[in-house]
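Here's the structure we're looking at; comments come further down.
The values are calculated or read from the model by the stated rules, or taken from the named source; none is laboratory data. A quick note: this is a predicted structure, and the numbers were derived from the prediction, not measured. Every residue, glycine among them, receives a Cβ derived from its backbone with ideal geometry; neighbour counts consider all protein chains shown.
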Amino acid sequence: MCLAYQSGKKTIISTLGNEIDITPSLKHTSVNKNPGPYGEVNTSVDILDAEGNIKTRRWYDSEGKAYRDVDMSDHGNPKEHPEVPHEHTWEYNNGKSKRN
């Protein structure tokens with residue numbers, strides 16, 4: 001993986017050569033436990049593994065709903081996730097959240 005910085009934008013190049021924007025929100029924190037699909041509005045959070053490495057970076061929208069994750073691993077499943085890092089989006093239906 002390769003990190004790049006352009007005009008305040010932080011990107012990373014995936015194992016498949018795709019550029020992924022990982023620019024944190026202006027208000028950004030790190031946690032050791034998954035905070036779930038709801039958080040502080042207009043923020044981002046790094047979810048860390050036991051060694052303190054970023055496992056996932058998650059962004060929350062103006063309603064405090066997670067809308068995007070960038071996972072820094074293949075979750076031990078390279079067939080399902082051949083690209084590292086890779087993105088997931090969130091959707092909400094009838095009060096239920098689902099990560100795609």
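A few notes on this one:
- Residue within the stretch 64-75 that is under 9 Å from the mean Cα position of the chain (by Cα), of a type in the set (V, I, T) and modelled with pLDDT of 95 or more present: yes
- Which numbered condition D49 fails, given (1) in contact (Cβ under 8 Å) with a residue 24 or more places away in the chain; (2) in contact with a Lys or Arg (Cβ under 7 Å, 6 or more places away or on another chain): (1)
- The stretch 1-24: number of residues that are modelled with pLDDT of 95 or more and outside any strand (DSSP E or B): 8
- The stretch 66-98, residues that are more than 18 Å from I22 (Cα to Cα), outside any loop (DSSP other than H, G, I, E, B) and touching a residue at least 12 places away in the same chain (Cβ under 8 Å): Y92, S97
- Among the residues of the stretch 70-87, those identified as surrounded by 15 or more Cβ atoms within 10 Å (Cβ to Cβ) and within 19 Å of P37 (Cα to Cα) are V70, D71, M72, H86, E87.
- Residue that is in contact with a strand residue (DSSP E or B) (Cβ under 7 Å, 6 or more places away or on another chain) and either at pLDDT 95 or above or surrounded by 14 or more Cβ atoms within 10 Å (Cβ to Cβ) (or both), where the choices are K33, K27: K27
- Candidates I54, I13, I47, filtered to the one that is over 12 Å from the mean Cα position of the chain (by Cα) and surrounded by 13 or more Cβ atoms within 10 Å (Cβ to Cβ): I13
- Condition met for E63 (assigned to a loop (DSSP other than H, G, I, E, B), closer than 25 Å to S97 by Cβ and touching a Phe, Trp or Tyr at 6+ places or on another chain (Cβ under 7 Å)): no
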